[in-house]
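Below you'll find the structure, written out as structure tokens, and then a few comments.
Each value in this text was obtained by applying a stated rule to the coordinates, not by laboratory testing. Just so we're clear, the structure is a prediction, and the values are computed from it rather than from any experiment. Note that we place each Cβ from the backbone using ideal geometry, even for glycine, and neighbour counts take in every protein chain shown.
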Amino acid sequence: MDLPKIFESEYRFCLILWEHEPIRSMELAKLAKEQLGWSKTTTFTVIKRLCQRGVLKSEDAVVSSLISKEDAQCSELDELMKKRFEDSMPAFLTAFARQQNLSDGEIEEIRKIIEGRSAL
């Protein structure tokens, strides 16, 4: 997946947007102030940058996303897999499972997801 990079602070901002979109830019600035402590100027700068990179669009002072939360998460996971796990899903899953205290139910859910993908 070759989507524009969304940096950590931008991602936290996008979480607010995804929850409320479409939303007027002034209302989004108010939420960013409450939840992130950002000034209105910072919020408008981030909106502008994300619009330039094709992550958001702002028309008539209404902001909405061009990239879904799920697509952004998948893109980030792809990057992590390439950078840290040499593009190996088994290596990633091994590291993940080693660090988690997975319940039997969670293990079963993961198994069903994997088995469902193999049927595609």
Failed criterion for GLY54 (all others in (1) without any contact (Cβ under 8 Å) to a residue 12 or more places away in the chain; (2) small (Gly, Ala, Ser); (3) exposed (fewer than 12 other Cβ atoms within 10 Å of the Cβ) hold): (1)
Output for segment 79-114, where each listed residue is acidic (Asp, Glu), part of a helix (DSSP H, G or I) and loosely packed, with under 11 Cβ neighbours inside 10 Å: ASP104
Hits in segment 15-49 - residues which are in contact with a strand residue (DSSP E or B) (Cβ under 7 Å, 6 or more places away or on another chain) and closer than 18 Å to GLU76 by Cβ: LEU17, TRP18
Contacts under 6 angstrom Cβ, first residue in segment 10-22 being in contact (Cβ under 8 Å) with a residue 12 or more places away in the chain and among the aromatic types (Phe, Trp, Tyr), partner surrounded by fewer than 17 Cβ atoms within 10 Å (Cβ to Cβ) and in a helix (DSSP H, G or I), 6 or more apart: TRP18/LYS69
Options VAL46, VAL63; residue that is part of a helix (DSSP H, G or I), surrounded by 12 or more Cβ atoms within 10 Å (Cβ to Cβ), aliphatic (A, V, I, L, M) and touching a residue at least 12 places away in the same chain (Cβ under 8 Å): VAL46
Of the criteria (1) loosely packed, with under 12 Cβ neighbours inside 10 Å; (2) under 12 Å from the mean Cα position of the chain (by Cα), which one CYS74 fails: (1)
Residue that is nearest to GLU8 (Cα to Cα), among those in segment 52-84 that are in contact with a Leu (Cβ under 9 Å, 6 or more places away or on another chain) and among the hydrophobic types (A, V, I, L, M, F, W, C): ALA72
Complete set of residues in segment 1-43 that are surrounded by 14 or more Cβ atoms within 10 Å (Cβ to Cβ) and acidic (Asp, Glu): GLU10, GLU21
